[in-house]
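What follows is a short report on a single structure.
What follows draws every value from the coordinates through simple rules; no lab data is involved. Fair warning: this is a prediction, and the values are worked out from it, not measured in the lab. Every residue, glycine among them, receives a Cβ derived from its backbone with ideal geometry; neighbour counts consider all protein chains shown.
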Amino acid sequence: MGERFAPKVPVQLDPPKDDPISPEELSKCDGSDSSRPTLVAIKGVVFDVTRNSMYGASGSYKVFAGKDASRALAKSSLKPEDCVPDWYDLPDKEKTVLDEWYQFFSKRYNIVGKVEGATNT
Ligand code: HEM
């Protein structure tokens, strides 16, 4: 499983942080404010995706930025209404897709905190 989802170019990651990040602060980190990092959360775990312009203000995946996008990632959806944390009611197949995205992000992006009050981790 080691090489699965591994980046082509090795990424040097920092030790994961456990800092609480409020949903309000997370929402401000949506790539629209250059003084803030761009963040995406999966299952309440917050990743810093600033270096990938795909999540930036004019990127293809900006819909995920500043949110816990678990449901959308599980469902392979880009709909803003799917960019919510709730994933628990989804079928196993989609839960597996979500776990694969979690692995993908874990190998590329620093974990900078946890969404405050997240219950579905
Ligand atoms: C026509 C459909 C789609 C095309 C052509 C497409 C294309 C791509 C391409 C070219 C990449 C970059 C791969 C790389 O960096 O090596 C990518 C990454 C990605 N795609 Fe898509 N995609 C499509 C649909 C979707 C959908 C529906 C989702 C919803 C979950 C999605 C989510 C992502 C995510 C999260 C990444 C990872 C970006 C990263 O590196 O952090 N894509 N896609």
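Provide, for q = 0.14, 0.17, 0.21 Å⁻¹, the log10 of I(q)/I(0) from a solvent-free Debye sum over equal Cα point scatterers in the chain.
The Cα Debye sum returns log10 ratios of -0.54, -0.82, -1.27.
State to the nearest 20 debye the size of the charge dipole of the chain about its Cα centre, where the only charges are +1 on K and R beta carbons and -1 on D and E beta carbons. Intermediate results must be reported in sequence, preceding the final value.
Working: 17 positive and 19 negative charges, 93 e Å.
Taking the Cα centre of the chain as origin, the dipole is about 440 debye.
What residues from the stretch 92-121 fall in the zone where the backbone N is under 20 Å from a label point 7 Å along the Cα-to-C-beta line of Ala6?
Once the point is set 7 Å along Cα→Cβ of Ala6, 100-111 turn out to lie under 20 Å by backbone N, inside the stretch 92-121.
For Ile21, which sequence-distant residues (separation of 5 or more, or a different chain) have an amide H within less than 5 Å of its own amide H, given hydrogens modelled in the peptide plane?
Residues meeting the criterion, in which the H sits 1.01 Å from N, are Lys114, Val115, Glu116.
Tell me which residues come under 5 Å, amide H to amide H, from Asn110 once H is placed; ignore anything under 5 positions away on its chain.
Amide H neighbours of Asn110: Asp48.
Using the structure shown, select from Lys28/Lys114; Lys62/Lys107; Lys28/Lys93; Lys67/Lys107; Lys17/Lys43 the pairs with a Cα to Cα distance greater than 23 angstrom.
Details: Lys28/Lys114 15 Å; Lys62/Lys107 20 Å; Lys28/Lys93 32 Å; Lys67/Lys107 19 Å; Lys17/Lys43 15 Å.
Where the Cα-Cα span goes over 23 Å, the pairs concerned are Lys28/Lys93.
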